[in-house]
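Chemist: Below are the structure tokens for one structure; questions will follow.
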Amino acid sequence: MKTKKEWRSYYQNLRHALTGMEREHQSSRIADHYLQLFQKERPQVVHLFLPMSSKAEVNTFFILKRLNEEYPKVKTVTSVVAEDQHTLLTVEVRIDTPLSTNHWGISEPESRVLFPEVDIEEVLTPLLAMDERGYRLGYGKGFYDRFFSVCSDSVKRTGLNYFPVAEAELPTDEWDVTLHRLVSVEGVFVVDGQ
């Protein structure tokens, strides 16, 4: 069985093998699939990550733009790394919010209008892979596992990825928090029992 480190390397290589044009096209398709899911559930507060170009993440600006234009009353929020460099703070973000890049290469809103995590209804989560049980393979820092613990118990945890659910079970640690579903280029995969 591969270790988390080996799986991370495998999925990072797969992701970086996609051309920039392929990633943009696939990000647009993922946004289409997500918006279909959104229209059924209509959460009023959606947390989304802002993509790191160095990690070739799904471009969530497609989702942010459509939510802001088509559903202007929906609150969109994102995270910034707190001063302790260990936890995330939630701040408001819209498609026209001025952004700056932090030392990790992550875009962050320049204005920090804090938002209470317990009011978030859905978290769009970055990942490298997710298995059928809902376990995600992140980057190994544990930011999102800790972040989920301050959100409401009813928050929907939705992964976004270019690739469908992993065929193999991913290795896990006791602190790993499962996701409810994955939105990929292929559509929406819902974890059994969710």
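The values are calculated or read from the model by the stated rules, or taken from the named source; none is laboratory data. Computed from a prediction, not measured in an experiment: that's the story for all the values here. So basically every Cβ, Gly included, is an ideal-geometry build from the backbone, and we count neighbours across all protein chains shown.
Chemist: Taking segment 123-156 on its own, how many of its residues are among the charged types (D, E, K, R) and surrounded by 22 or more Cβ atoms within 10 Å (Cβ to Cβ)? Talk me through it step by step, then tell me what you get.
Modeler: To start, the set of residues in segment 123-156 that are among the charged types (D, E, K, R) comprises 131-133, 136, 141, 145-146, 153, 156.
Cutting the leftovers down to surrounded by 22 or more Cβ atoms within 10 Å (Cβ to Cβ) gives us 136.
Qualifying residue count, segment 123-156: 1.
Chemist: The conditions are (1) over 23 Å from Ser184 (Cα atoms); (2) surrounded by fewer than 19 Cβ atoms within 10 Å (Cβ to Cβ), and Glu117 fails exactly one of them. Which is it?
Modeler: For Glu117, the exception is condition (2).
Chemist: How many residues does segment 6-35 contain that are in contact (Cβ under 8 Å) with a residue 24 or more places away in the chain and in a helix (DSSP H, G or I)? Don't jump to the end; show me each part of the working.
Modeler: Keep residues of segment 6-35 that are in contact (Cβ under 8 Å) with a residue 24 or more places away in the chain, which gives 7-8, 11-12, 14-16, 18, 23-24, 26-31, 33-35.
Subsequent filtering for residues that are in a helix (DSSP H, G or I) retains 7-8, 11-12, 14-16, 23-24, 26-31, 33-35.
Residues that pass the stated criteria total 18.
Chemist: Give segment 37-50 a look and list any residue that's assigned to a helix (DSSP H, G or I), in contact (Cβ under 8 Å) with a residue 60 or more places away in the chain and not hydrophobic (A, V, I, L, M, F, W, C), or say none.
Modeler: Hit for segment 37-50 is Glu41, nothing else.
Chemist: Applying the selection to segment 66-88, what residues are in a helix (DSSP H, G or I) and of a type in the set (Phe, Trp, Tyr)? Step through it out loud before you land on a result.
Modeler: Residues of segment 66-88 in a helix (DSSP H, G or I): 66-70.
Answer for segment 66-88, where residues must be in a helix (DSSP H, G or I) and of a type in the set (Phe, Trp, Tyr): there is none.
Chemist: Hey, another quick one. Residues of segment 89-99 being among the hydrophobic types (A, V, I, L, M, F, W, C) and in a strand (DSSP E or B), which ones? Break it down into steps so the answer makes sense when it comes.
Modeler: To start, the set of residues in segment 89-99 that are among the hydrophobic types (A, V, I, L, M, F, W, C) comprises 89, 91, 93, 95, 99.
Those that are among the hydrophobic types (A, V, I, L, M, F, W, C) and in a strand (DSSP E or B): Leu89, Val91, Leu99.
Chemist: On to the next question. Filter segment 137-165 down to the residues that are among the charged types (D, E, K, R) and at pLDDT below 95, then identify the one that is nearest to Ile30 (Cα to Cα).
Modeler: We begin by selecting, within segment 137-165, every residue among the charged types (D, E, K, R); these are 141, 145-146, 153, 156-157.
Narrowing the set further to residues that are at pLDDT below 95 leaves 141, 145-146, 153.
Working: Lys141: 25, Asp145: 23, Arg146: 26, Asp153: 26 Å.
Only one residue tops the list, namely Asp145.
Chemist: Out of curiosity, is Asp176 within 26 Å of Val91 (Cα to Cα) and not hydrophobic (A, V, I, L, M, F, W, C)?
Modeler: Working: within 26 Å of Val91 (Cα to Cα): yes; not hydrophobic (A, V, I, L, M, F, W, C): yes.
Considered against the rule, which asks whether it is within 26 Å of Val91 (Cα to Cα) and not hydrophobic (A, V, I, L, M, F, W, C), Asp176 comes out as yes.
Chemist: Mind listing just one residue for me: the one in segment 33-71 that is among the hydroxyl-bearing types (Ser, Thr, Tyr) and more than 15 Å from Thr125 (Cα to Cα) and, of those, surrounded by the fewest Cβ atoms within 10 Å (Cβ to Cβ)? Break it down into steps so the answer makes sense when it comes.
Modeler: Our first condition is that a residue be among the hydroxyl-bearing types (Ser, Thr, Tyr); within segment 33-71, this holds for 34, 53-54, 60, 71.
Okay, now just the ones that are also more than 15 Å from Thr125 (Cα to Cα), so 53-54, 71.
Working: Ser53: 13, Ser54: 10, Tyr71: 17.
So the residue we want is Ser54.
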